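Derivation of every value follows stated rules applied to the coordinates shown; laboratory data play no part. Since this is a predicted model, take the numbers as computed values, not measurements. Please note: Cβ atoms are built from the backbone with ideal geometry, for glycine as well, and neighbour counts cover all protein chains shown.
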Amino acid sequence: MAPAELSVKLQASSGSKIRDFLNANLINILAAFLFLLLAFFLLYPIIAVLIKSLRGPSGFTLEYYRSFFSKNYYFQSLFNTLLLGVINTVVCLVIGFCLAYMTTRGPWILRKPLKIIALIPLIAPPYLFALSLIILFGRNGIVTRMFDLHWQLYGFNGVVISQTLAFIPLAYMMIENTLMSLNPNLEESAYDMGASEATILRTITIPLLAPGLLKAALLIFVMTIAEFGNAAILGGRTPFLAPDTYTMITGESDFNMGSVLSVILIAPCIIIFFIHNYLLEGKKFTTIGGKPVASEPRKITPLIQAPFIIITTVAAGAIFICFAVVFVASFYKILGVTHNVVLSNYLDFTSNQAIYNSIRVSFVAAVIGAFIGVLLAYVIVRGKFFGRTFIEMVSLSGFALPGTVVGIGYLLAFSAPPLKLTGGIMILALNCVFRFLAVGVEAGISKLHQINIEIEEASADLGASFLTTFYRIVLPIMFPAFIAGFIYTFMTAIVSLSAVVFLVSPGFALASVKIFDAAVYGEVGIASATTMKLVLIVTICMLILNFIRNKTRLGGSMKKSAAV
Amino acid sequence: MDMRENERPMLILKDIHKFYGKNEVIKGVSLEVRKGELVTFVGPSGCGKTTLLRLIGGFTDVSSGDIILDGQRINDLPPNLRDTRICFQNYALFPHMTVAENVGYGLKINKWPKHRIEARVKELLEMVELQAFADRMIDRLSGGQQQRVAFARALSLEPKVLLLDEPLSNLDANLRLVMREEIRNLQERLQITTVFVTHDQFEAMAISDRLVVMKDGLIEQVGSPIEIYERPANEFIAGFVGYVNFMEGRVASIDENTRNTVINTEYGKIEITLSQGDINSADEVLMVIRPESVNISLDCGGKGQNVLSGALKSYMYAGSLAKCTVKIGDRTMIIDQYNPRDAQQFKHAEKVEVHIPRSVHLLKRKR
Ligand SMILES: Nc1ncnc2c1ncn2[C@@H]1O[C@H](COP(=O)(O)OP(=O)(O)O)[C@@H](O)[C@H]1O
Ligand SMILES: [Mg+2]
């Protein structure tokens, strides 16, 4: 019996009818309210974009789409974007696989350091890599000047390289996850029957990982084609959809064409999101019980080792160099051009103002996001109403939506009554809230799955109302999820660029936008220093998150051992 | 049997130690396994049985000691070059292959020609009675069938030593009995040297030529099932292989010729025929009294030899067997009365007589 139903019975004699009704239906009322929020702040802006792309001065028209498909330029842009996605995905998968293989199957001493390097880009705003490439290979780059290089950074090459570096952690994490869930006895059985390392990879590991690899590939593809910063900073004259949308809106104020580009950009995302959620659901090879254990190091043969080691070293080295370069560049006006070490980049007033603004916006986003995340998780797990999975899907879909599209959507949806938000801090915060909900919601869901519903029912049995139960039992248990949602939203919001770049008002600079502008105008020193500040903030957030995660895991295992 | 003892052992473990970090998991294990023998490592969970199998299979390296397979030291060979084959506890069948592909995997890897693979797979599937399932995917098989596939796959290349890690632990009780008989029959027929691992002492006794009882990374005793059950080396083993009533006593006298031995206990004298050489007069001993070795009868007043009288606390009749709990002094003794005939009378009895057999095994008590 649901807690709510029970409490109705228990209170029927004492409470007024209205209170009983509220008690019994509070979870449904809450669900309806949350759904309205999702609809208004996530679905409505997207729909607004769709409508804009189909409506001309005299009503419905396909004119803008025809224009898109008839102009070579747009076609080139679409082609570049898709090609970028494919190349990026393949390269990221290969590197991610090598790294994950080494950290789960390789020698013990390499596992930890490689893992750290593979995850380090997580603390960087994605455009850190674009920035460091400019410093190294740009028109005034160190390497360019030193070797009088004529290699063209701006264009396809630069975007591919910076994107790849930025998406290594995502690829690594997803592949490591699937590798860890693979029963090591399977590979050992093949080994036992005489298979060499390469044969095991070819006949056992890769075929069994295929569904997981495909999932990772789809996700990386979606994320890379939607990524705005790298393409905008390094794209040069090569057109890509995401930055083109930006130019269309901010440069030419052509909202119709901007919307068309957005719809074209979002279409593959939506298709892939559905493939990801429905076609691949449950497509995982299962094996019979037995505890999964860390796989012991394989006696990898040198021939197999070589490509793995080369690829992991190159990737790890590149990541390291990019960080180092930005760090060093932050102490020069323009690294390689000016030669005095200065602190002025860190003291720059507008940059600090921008950081302060970013912290404010992100804090607001984090508070709202964490609350909504926890409530959504509760409604999704405990609710029993129709459409629950739809709410779950919508709330998790935010991260798959291209930021540029959400940005345009917010411009279209909230620049006029009934809700005029443009120009304020709320519009910046809210789009972050709804784009980055997924992690908070998932943390909440997994936390809720840990608690037995019986605890809640017991509380309801004792006569507690829904609200009391929620307040006394659910909230404390959900607290770690709340904090996780808070910090995650905060650190994602503070580096996010693609949506807010449409929404900032002149005179209210955000750090990410400031870095973007500085990078585009070649103010490398300021851009680097501001990036380093963001890196510092994100690192602190990560450390706190890690601390919480260890704390709560400890709590879990302590409970278990007490029960035994 | 006698002939085999002169042969070179198929597998020799020489003082094997294994550390995981600072944690010593195997603390010096030595053993010889004869060709065609089925030796079972048995011991409580966590005592290092799986680790030992993984060491033999080559999945992890020994910290010190030698592993010798058919006269060759194999310490440094990787698993794919060792002629051992392991069946993991979870079977580790390849979920993306059919039954036939699983069984034929090793043959394919070893580049057998196609027609020979087909023939061999057919033969193996017939052996485990799965001919009809050749094209099934693994997840469409029952637990018992999966077990057979794993067994067939492990046998496909006729390894010198077969390593089985708790192969029956994922099956339900009835199937476990059937499968253990099948495995034993096949093993005897094929004369394949086998190291079997289980935590189930009854399974171990039923299936093995010899048992190796382990505890905390050390071998406690090696012997045939009969030796282990009837002449356990210490209290742990006595208790591990079945229920046991212990009774303390002191050896009063041993007749050198008849081996007739008198033991003083707090309930009176017990006379036994001593069959072991490690007990001397005046030793403090522990008598190992198995529940089924004791006779129980209704108290008729007379006091005979080796008879203790006690109070019947409970009598649980279960058809072929009645479980009796008898209080003797302040000690409780469990007695299994097989083929119980006077059940009706026992049900209401209060005082009973307990007859201790003359074949009791003695353990030296440490002081
Ligand atoms: N890869 C490993 N790393 C560290 N400790 C291990 C590893 N494998 C096993 N152990 C430890 O070795 C001991 C014996 O384990 P195991 O051989 O699996 O026992 P059994 O099979 O008898 O239940 C256990 O304490 C276990 O925690
Ligand atoms: Mg084990």
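Annotations
- Measuring between alpha carbons in the structure, the pairs from B:18/B:366; B:323/B:364; A:333/A:533 lying more than 18 angstrom apart are B:18/B:366; B:323/B:364.
- The Cα trace of the protein assembly as shown gives Rg and Dmax of 36.8, 122 Å, the first to one decimal, the second as a whole number.
- Options A:85, A:419, A:116, ranked by Cα towards positive dipole end of the protein assembly as shown, top entry (Cβ charges): A:419
- Projected area averaged over orientations for region B:295-367, convex hull of C-alpha atoms, nm²: 6.0 nm²
- Inter-centroid distance (Cα atoms) of region B:129-194 relative to region B:42-114, Å: 15 Å
- Relative contact order, percent, region B:275-328 [alpha-carbon distance under 8 Å, six or more residues apart]: 23 percent
- Using alpha-carbon coordinates, inclination of helix B:99-109 to the longest axis of chain B, degrees: 70 degrees
- Pairwise Cα inverse-distance average, inverted: Kirkwood Rh of region B:26-102 (Å): 14.4 Å
- When you filter the trypsin sites (Lys or Arg not before Pro) in region B:21-107 for DSSP loop state and at most 14 other Cβ atoms inside 10 Å of their Cβ, you are left with B:22.
- Rel. contact order, % - alpha carbon contacts under 8 angstrom, at least six apart, chain A: 22 percent
- Calculated over region A:347-452: convex hull of Cα atoms, volume per residue (Å³): 127 Å³
- DSSP loop GluC sites (Glu not before Pro) with at most 12 other Cβ within 10 Å: longest gap in chain A: A:282-564
- Folded to 0 to 90 degrees: helix B:173-190 orientation relative to chain B principal axis, Cα: 70 degrees
- Neighbour cut-off at most 16 other Cβ (10 Å), DSSP loop, trypsin sites (Lys or Arg not before Pro), region A:386-453: A:420
- Relative to the dominant Cα principal axis of chain B, helix B:143-155 is inclined by about 60°.
- Rg(Cα) / (2.2 N^0.38 Å) computed for region B:91-213, rounded to two decimals: 1.05
- Total charge dipole magnitude, region B:238-367, about the Cα centre, Cβ charges on Lys, Arg, Asp, Glu only, Debye to nearest 20: 240 debye
- Given +1 at the Cβ of Lys and Arg, -1 at the Cβ of Asp and Glu and no other charges, the dipole of the protein assembly as shown around its Cα centre is 1760 debye to the nearest 20.
- Taking the helices alone, the protein assembly as shown has a mean residue ellipticity at 222 nm of -17000 deg cm²/dmol, built from -39,500 (n - 2.57) per DSSP H run of at least 4 residues and averaged over all its residues.
- Spherically averaged projected area of chain B from its Cα convex hull (nm²): 23.5 nm²
- Among B:293, B:280, B:309 the positive-end extreme of the charge dipole of region B:270-315 (Cβ point charges): B:309
- Square roots of five times the Cα gyration tensor eigenvalues for region A:39-98, Å: 33, 20, 5
- Applying the criteria of a DSSP loop state and at most 13 other Cβ atoms within 10 Å to the GluC sites (Glu not before Pro) of region B:222-282 yields B:256, B:266.
- With contacts taken as Cα pairs under 8 Å and at least 6 residues apart, chain B reaches a relative contact order of 15 percent.
- Long pairs among B:313/B:351; B:49/B:215; A:447/A:551; A:112/A:551; A:115/A:215, criterion Cα-Cα beyond 18 Å: A:112/A:551; A:115/A:215
- With a simple spin-label model that places each label point 7 Å from the Cα along the Cα-to-Cβ direction, the separation between residue B:178 and residue B:278 comes to 4.2 nm.
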